[in-house]
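The values are calculated or read from the model by the stated rules, or taken from the named source; none is laboratory data. Model, not experiment: these values are computed from the prediction. All Cβ positions, glycine included, derive from the backbone under ideal geometry; neighbour counts span all protein chains shown.
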Ligand SMILES: [Zn+2]
């Protein structure tokens, strides 16, 4: 991301909290290269198409994200075509799993004064007797990159919440499946992605018959906190190096 002015940089990559500027966790972790993203762009008509799909997909993701957080707050959000399958899947998930969310920590601003960074965590929950950060993703898989972001939230918060010991990704997604061959279809940002099952060679030739859209929930715990947090601080050092000119102007470095 290129910034033209100092204000743009401060606004786009950090938070101003009581007159002190802190870099944002999501901006810091974006320094890590994502090879899968290059492959994705390479498969599109042009860069603009990718940006358009990404934006629409992010908007849809935000709606699902907000609706799930509303359920966590004990509210009954109004559901739309975009949010209904995912939210219903989350409610079903709650029937079969013990998830206690602390409403005080939904969208909570987190500050690490020692390392000087800030972020916003989605939620804090108690699952299976353990307390941890719960981060909601609407991606089609749980990527290892999420370890960095969530470890950055755990570090300052575990001094405030003595029982906080872990973190989870709650992946909330929705897809259709083919009644004939078992292929799945996801529509994100107006672009559809079809995956055929590897063990069905005829799926490629199938004239798919799609089911209604169904929500999908996946919960995954990350356990290597020390390693992840060390890697986050490494990413932060690289991020600072990349933006050193802006940071000097702010008086950060
Ligand atoms: Zn099919």
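A few notes on this one:
- Inter-residue pairs, beta-carbon under 6 Å, first without any contact (Cβ under 8 Å) to a residue 40 or more places away in the chain and in the range 195-210, second part of a helix (DSSP H, G or I) and within 7 Å of the ligand (Cβ to nearest atom), 6+ apart: 196/203; 197/203
- In the range 199-212, the residue that is surrounded by the most Cβ atoms within 10 Å (Cβ to Cβ) out of those that are at pLDDT below 90 and more than 10 Å from the ligand (Cβ to nearest atom) is 201.
- Residue count, the range 6-19 (criterion: part of a strand (DSSP E or B), out of contact with any helix residue (DSSP H, G or I) (no Cβ under 8 Å at 6 or more places or on another chain) and surrounded by fewer than 13 Cβ atoms within 10 Å (Cβ to Cβ)): 1
- Taken over the range 161-193, residues that are farther than 30 Å from residue 118 by Cα, within 20 Å of the chain's Cα centre (by Cα) and surrounded by 18 or more Cβ atoms within 10 Å (Cβ to Cβ) amount to 2.
- Residue within the range 222-235 that is within 16 Å of the ligand (Cβ to nearest atom) and either modelled with pLDDT of 95 or more or touching a strand residue (DSSP E or B) at 6+ places or on another chain (Cβ under 9 Å) (or both) present: no
- Scanning the range 64-79 finds no residues that are touching a helix residue (DSSP H, G or I) at 6+ places or on another chain (Cβ under 6 Å), closer than 15 Å to residue 154 by Cβ and outside any strand (DSSP E or B).
- Taking residues in the range 166-184 that are on the phi > 0 side of the Ramachandran plot, and partners anywhere that are within 16 Å of the ligand (Cβ to nearest atom), the pairs with Cβ atoms closer than 6 Å and at least 6 places apart or on different chains are 182/197.
- For the range 143-155, filtered to residues that are under 15 Å from the mean Cα position of the chain (by Cα) and assigned to a helix (DSSP H, G or I), the residue that is surrounded by the most Cβ atoms within 10 Å (Cβ to Cβ) is 152.
- A single member of 183, 152 is in contact with a helix residue (DSSP H, G or I) (Cβ under 8 Å, 6 or more places away or on another chain) and within 16 Å of the ligand (Cβ to nearest atom), and it is 183.
- Residue check for residue 158: over 29 Å from residue 25 (Cα atoms), surrounded by 16 or more Cβ atoms within 10 Å (Cβ to Cβ) and out of contact with any helix residue (DSSP H, G or I) (no Cβ under 7 Å at 6 or more places or on another chain): no
- Given (1) part of a loop (DSSP other than H, G, I, E, B); (2) closer than 23 Å to residue 136 by Cβ, index of the condition residue 89 fails: (1)
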